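Notes to accompany the following structure.
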């Protein structure tokens with residue numbers, strides 16, 4: 001019963017997919033992060049269906065890219081993009097960590113958040129407009145891998161705040177189980193990437209590793225730890241980096 005409740009809480013929190021009501025007790029939230037990557041699997045499946053329809057209906061690249069870039073936002077309700085935008089404002093402020101954390105909590109949207117979101121969506125639209133049906137599997141893996149890494153980092157890195165949503169989930173989490181499940185997801189994603197991309201997967205995994213290293217250093221230096229908004233920033237960056245590697249890697253290698 002606790003497994004099902006954790007699954008429901010994961011999808012209720014990080015997606016807009018309708019779920020039954022469950023009790024949000026600490027016990028029910030312990031394994032929430034174990035099911036977090038499954039939301040990426042659903043997102044990737046919907047993306048694959050759209051790419052399949054584009055292939056069969058000869059949809060133009062502009063429409064294909066616009067709809068494809070919108071799909072993750074529709075599935076998640078934009079919760080991760082919200083964190084990405086807040087982080088853009090905080091990073092652009094060049095303030096001490098305490099002030100940056102205040103900016104993350106501020107509900108107002110700054111200019112750098114708008115600019116960051118616009119640039120991100122333009123780049124994602126352009127990248128996805130280049131994707132073919134053959135890219136469906138590795139693109140799907142990007143959405144799973146980003147969440148697996150996000151879950152792992154959320155329970156292993158220092159929390160910048162003790163009263164945020166992420167710290168609440170991380171504090172309730174069975175961290176050992178979450179770490180092991182995240183590693184298992186990462187290993188499965190790695191195998192699937194090599195199956196889909198061959199040796200081009202090395203290119204993809206290298207940039208993913210660099211993103212993780214940068215995220216850890218950036219959060220420690222500028223914020224004193226991780227928060228839910230920063231986790232959203234990481235997820236968005238790791239996804240667009242992974243998809244860029246798939247699209248551009250196929251043209252270079």
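The values are calculated or read from the model by the stated rules, or taken from the named source; none is laboratory data. Only a predicted model underlies this, so the values are computations on that prediction, with no experimental measurement involved. Here the Cβ is made from the backbone with ideal geometry for all residues, glycine too, and neighbour counts use every protein chain on show.
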> (1) touching a helix residue (DSSP H, G or I) at 6+ places or on another chain (Cβ under 8 Å); (2) touching a residue at least 60 places away in the same chain (Cβ under 8 Å); (3) within 18 Å of residue 228 (Cβ to Cβ): which one isn't true of residue 52, the others all being true?
Replying inline: (3)
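Restricting to segment 136-154, give me the number of residues that are within 18 Å of residue 201 (Cβ to Cβ) and crowded, with 22+ Cβ neighbours inside 10 Å. Reasoning before the result, please.
Taking segment 136-154 and keeping what is within 18 Å of residue 201 (Cβ to Cβ), we get 136-146, 148-149.
Of the ones still in play, those that are also crowded, with 22+ Cβ neighbours inside 10 Å are 138-146, 148-149.
Qualifying residue count, segment 136-154: 11.
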> Only one of these conditions is not met by residue 134: (1) without any contact (Cβ under 8 Å) to a residue 40 or more places away in the chain; (2) farther than 16 Å from residue 44 by Cα; (3) out of contact with any helix residue (DSSP H, G or I) (no Cβ under 6 Å at 6 or more places or on another chain). Which number is it?
Replying inline: (2)
> Just checking, which of 82, 86 is surrounded by fewer than 22 Cβ atoms within 10 Å (Cβ to Cβ) and closer than 25 Å to residue 12 by Cβ?
Replying inline: 82
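Among what's in segment 99-108 and is within 12 Å of residue 223 (Cα to Cα) and without any contact (Cβ under 8 Å) to a residue 24 or more places away in the chain, pick the residue that is nearest to the chain's Cα centre (by Cα). Before you say what the answer is, go through the steps one by one.
Taking segment 99-108 and keeping what is within 12 Å of residue 223 (Cα to Cα), we get 99-104.
With without any contact (Cβ under 8 Å) to a residue 24 or more places away in the chain added as a condition, the list becomes 99, 102-103.
Numbers: 99: 25, 102: 23, 103: 21 Å.
Checking each candidate, the answer is 103.
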>> I'd like to know if segment 169-176 contains one or more residues that are at pLDDT 90 or above and surrounded by fewer than 23 Cβ atoms within 10 Å (Cβ to Cβ).
In response: no
> Among the residues of segment 121-128, is any in a helix (DSSP H, G or I), free of Cβ contacts under 8 Å to residues at least 24 places away in the same chain and surrounded by fewer than 19 Cβ atoms within 10 Å (Cβ to Cβ)?
Replying inline: yes
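Among the listed residues 69, 21, 10, identify the single one that is out of contact with any strand residue (DSSP E or B) (no Cβ under 6 Å at 6 or more places or on another chain), farther than 25 Å from residue 179 by Cα and in a helix (DSSP H, G or I).
Criteria check complete, one pass: 69.
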> Can you find even one residue in segment 111-118 that is buried (at least 22 other Cβ atoms within 10 Å of the Cβ) and touching a residue at least 60 places away in the same chain (Cβ under 8 Å)?
Replying inline: no
> Quick check, is residue 114 assigned to a helix (DSSP H, G or I) and over 14 Å from residue 232 (Cα atoms)?
Replying inline: yes
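Can you pull out every residue in segment 209-244 that is in contact with a helix residue (DSSP H, G or I) (Cβ under 9 Å, 6 or more places away or on another chain) and farther than 22 Å from residue 117 by Cβ?
Across segment 209-244, the qualifying residues are 210, 212, 216, 221, 224, 225.
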> With 219, 211, 227 as the choices, which residue is farther than 20 Å from residue 186 by Cα and within 15 Å of the chain's Cα centre (by Cα)?
Replying inline: 227
>> Being over 24 Å from residue 14 (Cβ atoms) and surrounded by 17 or more Cβ atoms within 10 Å (Cβ to Cβ): is that true of residue 34 here?
In response: no
> In segment 184-201, which residue that is out of contact with any helix residue (DSSP H, G or I) (no Cβ under 7 Å at 6 or more places or on another chain) and within 21 Å of residue 251 (Cβ to Cβ) is modelled with the highest pLDDT?
Replying inline: 195
>> From the list 72, 20, exactly one residue is under 17 Å from residue 234 (Cβ atoms) and either buried (at least 20 other Cβ atoms within 10 Å of the Cβ) or free of Cβ contacts under 8 Å to residues at least 24 places away in the same chain (or both). Which is it?
In response: 72
